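So the structure is just underneath, and the comments pick up after that.
The values are calculated or read from the model by the stated rules, or taken from the named source; none is laboratory data. Not measured: the values here are computed from a predicted model. Here Cβ is always computed from backbone atoms with ideal geometry, including for glycine, and neighbour counts include all displayed protein chains.
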Amino acid sequence: MSALNQLPLVLEAILLTADKPLSIERLENYFAPEEGISRAVIREGLAQLKLKCAARSFDLTETGAGYRLQTRGDFQRWVARHYEEKPAKYSKALLETLALIAWRQPITRGEIEEVRGVSTNANVIKTLLEREWIRVLGHKEVPGRPEMLGTTRLFLDYFNLKSLDELPSLAEIKSLDQVSLQLDLLKSLPPGSEAQPDPATTVAAELEQHAP
């Protein structure tokens, strides 16, 4: 079987069996040089595969980490039966902290506490670092040189975002309390199902009234 002639199906097989999203560059490494599968050819193959997915129960989605095949939301209630245990629930403090980092990065722990009006438990930051949703971008040049925090590619991947530009703008947001409800709803999806709601509605952190 020629990989070039069957490229959409070959890409489907690769992505169906991958345990994480794959970038164009990573996909190119799956083919031998003599097969003549360039990055431009792969992009065309992915476009064809996306069209073929229109009649399937899964879709081809691009996130910040690359491409993946994921279950459509319409089929989520059946897919959820694969999972006996309920997904982890996260505290309002963790979700608000994550939202502030996403919208206001780079941001320090002190600045997060100033917006929220309460101290931030060290375990909240530790959990976000362990999940690799956030990382230390550097240190702010002020007394104590506090760490400046920002989100990672895994954050984009988990929330089904290609880039931070897909987050709602501050002009669209109204109340910080809403964010924990919205993000907690997103966490209710079973791990591994890959089906994610529209980030513009499910990750609508409402921060405008707290902006300086």
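Can you name the helices (runs of 4 or more DSSP H) wholly within region 37-108 that have at least 2 residues being exposed (fewer than 13 other Cβ atoms within 10 Å of the Cβ)?
Fully inside region 37-108 and qualifying: 39-52, 76-79.
Residues that are without any contact (Cβ under 8 Å) to a residue 40 or more places away in the chain and under 27 Å from Thr152 (Cα atoms): does region 59-74 have at least one? First the steps, then the outcome.
From region 59-74, those without any contact (Cβ under 8 Å) to a residue 40 or more places away in the chain are 59, 74; that's our starting set.
Filter once more, so that each one left must be under 27 Å from Thr152 (Cα atoms): 59.
There is at least one residue in region 59-74 that is without any contact (Cβ under 8 Å) to a residue 40 or more places away in the chain and under 27 Å from Thr152 (Cα atoms).
When residues of region 10-22 are filtered for being out of contact with any strand residue (DSSP E or B) (no Cβ under 9 Å at 6 or more places or on another chain) and either closer than 19 Å to Pro33 by Cα or of a type in the set (Phe, Trp, Tyr) (or both), how many remain?
Of the residues in that region, 1 qualify.
I'd like to know if region 4-27 contains one or more residues that are of a type in the set (A, V, I, L, M) and at pLDDT below 90.
Let us first name the residues in region 4-27 that are of a type in the set (A, V, I, L, M), namely 4, 7, 9-11, 13-16, 18, 22, 24, 27.
Next, only the ones that are at pLDDT below 90 stay: 4.
There is at least one residue in region 4-27 that is of a type in the set (A, V, I, L, M) and at pLDDT below 90.
What's the number of the condition Gly150 fails, among (1) in contact with a helix residue (DSSP H, G or I) (Cβ under 7 Å, 6 or more places away or on another chain); (2) at pLDDT below 90?
(2)
Got at least one residue in region 104-114 being within 30 Å of Ile24 (Cβ to Cβ) and in contact (Cβ under 8 Å) with a residue 12 or more places away in the chain?
yes
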